[in-house]
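One structure is given here, and the rest of the page talks about it.
We did not get these values from a lab; they are worked out from the coordinates using the rules stated. Model, not experiment: these values are computed from the prediction. So basically every Cβ, Gly included, is an ideal-geometry build from the backbone, and we count neighbours across all protein chains shown.
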Amino acid sequence: MFDLVHENKRLVQIVLALIILPFALWGVSSYEKSGGSAEVVATVNGAKITQQEFENALHQQQERMRKQLGANFDTAMLDNPEMKRAIIENLVAQQLLVDRAKADGLVVPDGQVAQLISGIEAFQDGGKFDKKRYATVLATQNMSPLMFEARLRDELLVQQMQDAYAQNGFATNKVADNVIHLNEQQRVVSVSPLLFQTYITQAKVDDAAMKKYYEQNSKEFQVQEQAKVEYVKLSVDDLLAKVVVNKDDVRKYYDEHQGDFGTPEERRAAHILIAVNAAASQAEQDAAKAKAEQLLQQVKQNPASFAELAKKNSQDPGSAAKGGDLGFFVHGMMVKPFEDATLALKVGEVSGLVKSDFGYHIIKLIAVKPSRVLPFDEAREGIVNKLRQQKAAEMFADLAERFSNTVYEQSDTLKPAADLAGAKIEKSGWLIKGMVSGEPWSAKMLQAIFNDEVVKNKRNTAAIEVATNTLVAARILEYKPASARAFSEVQEMIRQKLLQQQALELAAKQGKTMLEQLQGGSKTALSWGVAQSVTRDKHGSLDAGLVRQIFQANPAKLPQFVGAEVGQGYLLVRIDAVKEGEAISDEKRSSYIQKLRQLTGEEMSRAYLSDAKQHASIKVNLPEKVTVQP
């Protein structure tokens, strides 16, 4: 599939991750190998994975989860053995792939490394690579260019190893057709529910049963500890209001960062791709070229037919249906042969044959958006906001440690911390232990509040990070210990719960009896719902377990009957008909083959890695304590 933009973004994200973190998540530890004495958490064929590498991998996972979960994120999610082991296994896998790549003689040319680095915006000044800025950015992360380039080479080696398998999966037309047939075959069914509410009147619960349930499930009726607290918050958002940005600073920033306010030239192109792997035989290469030349002649004879020819002949599933249209792209987003050809075209022109690693392209330039520099007046507001954010972040960084120390050192009052932050002391309602209720009452904050030291000795909590760049410290005002609710309070709740349990059991018993009768050919007085169609992927209103039974039933003799317990009782299903999917088009087959190739490629990659592990010497020392950055 011709998806160069996606691949380029993936690699740039890897590189930026290497810049952002002082130690890389993947690959070989330059720090350890240059003589460091960091604690070792794993060794792979003698190569060390350090505690520092592990913790920074954990921190990167933390940032991914923070972005995904937003206000629901809590650092406590990372503090478990399963997460630690998963991260170490990932580090081990990456080290194994680097070792295997080097053993197989794979290399990354200097030119490829240089081209990638020069295209990274963080290393550019005015849109051009700046060697001094490159060294400065790396120095802020305690890295030298040699360290960074070594890491980048390892990243590229790992990518080569993974792509060698992931991009070379195999699937035949016959396999694809079988999968399509299975995936799109429909079963027409009707359902008849036996709801527990129908059986409630038959259920009986006495006092002895309720008492027994109460005694055997005492934890269910516990009222957790509760507390009211006063608290103070230090937040970047609150500091923003105190920041003043000088007009001269705004102008200076604009003048010094012209590259930030320019939009690069964008080009929009369409193409017809005749795909052929770079490693294909000469015969396959020649056949693909011949087909592409025929299409090129047709385009030359009738340029207006380009889109129609692309729809019918292009082997890029991502663009063929759109007449080959790839949309707008900027410099560096396409492979070099494709980009060079596009740059040489005028709007409306069509290229000759262009050879890339994906095959042969015929390219048509559709439109060009020229580069533009945003005027100062239009850029001013954005610069002011950026400088305000930067200054607020600097203020927060300056205050955060002092705030934490003040909360700890003057632990019998929050006033000094509030004065330092320029914030008022606020009060909460009743907080319940373990009951997260939104910011700032995260699981970690509640854990700090109900700590024995805080409860018994009336001390401040530590300053807890409840959101990015937001610290909160609290102090208990009122406290209620955990207690059990009296039987009289919960008696009716227990009664209803036991009645429902019995009714569900009665519904299930009746449903199973009816299912046996139906399967035995007996007629039963049931009301069946409107017919619906389900497939192995699209379940309609049914759960996966029932759908599995439906497709396991013998379709040779219909109707067939299946059933299962569900949340509201028991569900009987009658299978009335089987419908085959539509005729398989070339486009659909091509799409499925692409997916199957990806799946088989990924499976081959996993199998290769599993074999590498079996033949490697791996020792893991799972860390007990991990420092998770706020």
When a/c reaches 1.5 or more, the comparison of a/b and b/c decides; with that in mind, is the range 112-170 rounded, prolate or oblate per its Cα gyration tensor?
prolate
Stick to the Cα atoms of the range 265-370, pair each with every other, and give me the Kirkwood hydrodynamic radius in Å at one decimal.
13.7 Å
Pick out, from VAL530, ALA448, ALA279, the residue whose Cα sits farthest towards the positive end of the charge dipole of the chain, with +1 on the Cβ of Lys and Arg and -1 on the Cβ of Asp and Glu.
VAL530
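Fewest first, what order do GLU266, GLU378 take by the number of other Cβ atoms within 10 Å?
Numbers: GLU266 16, GLU378 10.
Fewest-to-most ranking of GLU266, GLU378: GLU378, GLU266.
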Among LYS84/LYS433; LYS233/LYS456; LYS233/LYS480; LYS291/LYS312, the pairs whose Cα-Cα distance exceeds 18 Å are LYS84/LYS433; LYS233/LYS456; LYS233/LYS480
Binned at 5 Å starting from 0, the alpha-carbon pair-distance distribution of the range 428-547 in whole percents comes out as 2, 8, 10, 10, 9, 7, 7, 8, 9, 9, 8, 6, 4, 2, 0
Dipole of the chain [Lys/Arg +1, Asp/Glu -1 at C-beta], most positive-end residue of LEU240, ASN178, GLN491
GLN491
For the range 248-313, what does the equivalent ellipsoid look like in terms of its semi-axes, each the square root of 5 times an eigenvalue of the Cα gyration tensor, given largest first in whole Å?
45, 18, 8
Relative packing of peptides 183-194, 101-112 - highest average C-beta neighbours within 10 Å first
183-194, 101-112
Once a ≥ b ≥ c are taken as the square roots of the eigenvalues of the Cα gyration tensor of the range 367-500, is the result rounded (a/c under 1.5), prolate (a/b larger than b/c) or oblate (a/b not larger than b/c)?
oblate
Under 23 Å Cα to Cα from LYS512, which lysines show up? Leave out anything in the same chain fewer than 8 places away.
LYS204, LYS497, LYS523, LYS557
May I ask you to derive the relative contact order of the range 265-370, considering only C-alpha pairs under 8 Å and at least 6 residues apart, and to give it as an integer percent?
44 percent
Computed from these coordinates, which is Cα extents along the principal axes in Å: [x] 89, 81, 58; [y] 68, 68, 60; [z] 131, 51, 50?
[x]
I'd like to compare 422-434, 472-484: which one has the highest average count of other Cβ atoms within 10 Å, and what's the full order after that?
472-484, 422-434
Across all directions of projection, what mean area in square nanometres is found for the Cα convex hull of the range 151-209?
12.8 nm²
Charges only on Cβ, +1 for Lys and Arg, -1 for Asp and Glu: so what's the dipole of the chain about the Cα centre, in debye to the nearest 20?
1080 debye
Of the convex hull enclosing the alpha-carbon atoms of the range 303-426, the direction-averaged projected area in nm² is 15.0 nm²
